[in-house]
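Below: the structure, in structure tokens.
The values are calculated or read from the model by the stated rules, or taken from the named source; none is laboratory data. As the structure is a computational prediction, the values presented were derived from the model and not from experiment. Methodologically, a virtual Cβ is constructed for each residue, glycine included, from the backbone with ideal geometry; neighbour enumeration extends over all protein chains shown.
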Amino acid sequence: MNDHDELIPVGKISSTHGIRGHLKVFSYSGNIESLQSSETVFLKMKDGLLKEFSIRGVSAHAGGFILTLDDFTDINQVLSLVGSELCLKRCQLPEPGEDEYYWRDLMGLTVFTDQGIHIGKIVDIFETGSSDIYVVRDDKKEYLIPAIAEVISKVDIPGNKMVITPLDGLLDL
């Protein structure tokens, strides 16, 4: 699979919705446009298997989405899909804007301070109300780095590195 076909997780099926085979989706991005413009979606099942499904419809609902897949018309047909991760091919997603990145592209980047000090690698990312937090770990320590312009100096995806300007006390924990 080339980069163009690489699968990007965009959400998770959290539950069924109604009795007609609709699925409630927790979106990782809140971006409904990519799903609405796609004809198919991949579901990474709980057992790890990947299956492709045709999309019949997508609509916004209570902070998430309602997804309807072709050939599913009954709640009993979709119960096994709950808990599956929703993925799209990279080519189905919009290109990130300037200074925007897909989490998948940031995972594993080596992080250095603007003084050249090695901090570790990005091993996890989580959302807070105001900004994402990068979990950076080396052999001995773990750092929580806020994804804000004052801290993130440079992101070099091809070079597999990120440079940060630590705020006072950020690395003292």
Exercise. Given the conditions (1) more than 26 Å from LYS24 (Cα to Cα); (2) within 12 Å of the chain's Cα centre (by Cα); (3) crowded, with 17+ Cβ neighbours inside 10 Å, and given that MET107 satisfies all but one, which numbered condition is not satisfied?
Worked result: (3)
Exercise. Checking ILE8 against (1) in contact with a Lys or Arg (Cβ under 6 Å, 6 or more places away or on another chain); (2) modelled with pLDDT of 90 or more, which test does it fail?
Worked result: (2)
Exercise. Hey, does the stretch 79-95 have a residue that's more than 30 Å from LEU50 (Cα to Cα) and of a type outside the set (A, V, I, L, M)?
Worked result: no
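Matching residues to (1) farther than 24 Å from ALA147 by Cα; (2) not polar (S, T, N, Q):
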| site | (1), (2) |
| --- | --- |
| THR16 | yes, no |
| THR40 | yes, no |
| LEU43 | yes, yes |
| LEU50 | yes, yes |
| VAL58 | yes, yes |
| THR73 | yes, no |
| LEU81 | yes, yes |
| GLY108 | no, yes |
For this session: Pick out the one residue from ILE125, ILE145 that is under 20 Å from PRO9 (Cβ atoms), aliphatic (A, V, I, L, M) and outside the structural domain of GLU33 (by TED's automatic domain parsing).
Result: ILE125
For this session: For SER37, state whether it is modelled with pLDDT of 90 or more and surrounded by fewer than 18 Cβ atoms within 10 Å (Cβ to Cβ).
Result: no
Seminar exercise, completed: Subset of the stretch 16-37, residues hydroxyl-bearing (Ser, Thr, Tyr) and closer than 28 Å to SER131 by Cβ, comes to SER27, TYR28, SER29, SER34, SER37
For this session: Name the one entry in ILE19, ILE13 that is in contact with a helix residue (DSSP H, G or I) (Cβ under 9 Å, 6 or more places away or on another chain) and either among the hydroxyl-bearing types (Ser, Thr, Tyr) or exposed (fewer than 13 other Cβ atoms within 10 Å of the Cβ) (or both).
Result: ILE19
For this session: Take LYS46 and decide whether it is charged (D, E, K, R) and either farther than 30 Å from THR128 by Cβ or surrounded by fewer than 18 Cβ atoms within 10 Å (Cβ to Cβ) (or both).
Result: yes
Exercise. Name the pairs whose Cβ atoms lie under 9 Å apart, with the first residue in the stretch 135-151 and in contact (Cβ under 8 Å) with a residue 12 or more places away in the chain, the second surrounded by fewer than 12 Cβ atoms within 10 Å (Cβ to Cβ) and of a type in the set (Gly, Ala, Ser), and 6 or more positions between them or separate chains?
Worked result: PRO146/SER130; ILE148/SER130
Problem set entry | Scope the stretch 22-41; condition more than 13 Å from GLN92 (Cβ to Cβ) and touching a helix residue (DSSP H, G or I) at 6+ places or on another chain (Cβ under 7 Å); matching residues | LEU23
